[in-house]
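Let me begin by presenting the structure, written as structure tokens, before commenting on it.
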Amino acid sequence: MHAVLDAGRVGHLAIADGRQPYALPVAYARDGERVLLHGSTGSRLFRHLAAGAPACLTVTLLDGLVLARSAFASSMNYRCAMVLGELSVVDGDDRLAALERISEQLLPGRWAAIRSPSAKELAATLVLALRLDECSVKVSAGPPDDPDDDLDRPVWAGVVPVLETLGTPQPDPRLRHDLPPPEW
């Protein structure tokens, strides 16, 4: 569970509001036995979560495309973590530390280089924590599992790895200083 959460950057946070389910991509970070999330105080989703609405956070890491000799046996290799529960509001000194943790999950080392949130920005930001009390992990790995009668088909089969990489940084057109991008 920890390894999957630590390797990801984006989770999908879902709730049911009445009869309508909603899911939203969110940045997150694991902090011990809880996951930290942040969003706008104006967000209906985050207001419902802060009020105790049950939620589901899902993080999926796609590791490869499993190409079999048939459509039925083709699949994916992945690691997926699902966390269920009610979120609690993070306040006080823990709140700024939580925002730093989320920033560091997205891009380690960035927090030290950027300006800290202003009082106005903090007032517009809701930080929530979801305990890892009820969670599950599912991992799918390995080559295709074709039936024996498909093995003689003249079709390439195997796994195509899927890798996440950071691309070439694109400078802000309003960058006022001639600075090289940080090394990641």
Options Cys80, Ser40, Leu62, ranked by Cα towards positive dipole end of the range 1-129, top entry (Cβ charges): Leu62
Longest DSSP-loop-exposure-free segment, trypsin sites (Lys or Arg not before Pro), the chain, at most 11 other Cβ within 10 Å: 20-114
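When every alpha-carbon pair in the range 60-184 is counted, what percent end up more than 25 Å apart?
More than 25 Å apart: 56 percent of the Cα pairs in the range 60-184.
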Computed Kirkwood radius, in angstrom, where 1/r is averaged over Cα pairs of the range 16-84: 14.8
Residues of the range 50-184: accessible area per residue with a 1.4 Å probe, Å²: 70
Cut-off under 5 Å, modelled amide H: who pairs with Ser74 long-range: Ala68
Kirkwood-Stokes translational diffusion coefficient of the range 1-134, alpha-carbon pairs, 4 °C, 1.567 mPa s, µm²/s: 81
Using alpha-carbon coordinates, inclination of helix 92-106 to the longest axis of the chain, degrees: 40
Euclidean distance between Cα centres, the range 58-91 to the range 120-184, Å: 11
Kirkwood estimate for the range 126-167, i.e. one over the average of 1/r between Cα atoms, Å: 15.5
Residue order for Asp149, Asp6 - accessible surface, 1.4 angstrom probe, largest first: Asp149, Asp6
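The values are calculated or read from the model by the stated rules, or taken from the named source; none is laboratory data. The structure displayed is predicted, hence computed values, not measured ones. Positions of Cβ are generated from backbone atoms using ideal geometry, with glycine treated the same way; all protein chains shown enter the neighbour counts. Just so you know, the surface numbers come from the protein's heavy atoms only, side chains and all, with ligands and any DNA or RNA stripped out. Shrake-Rupley method; radii C 1.70, N 1.55, O 1.52, S 1.80 Å.
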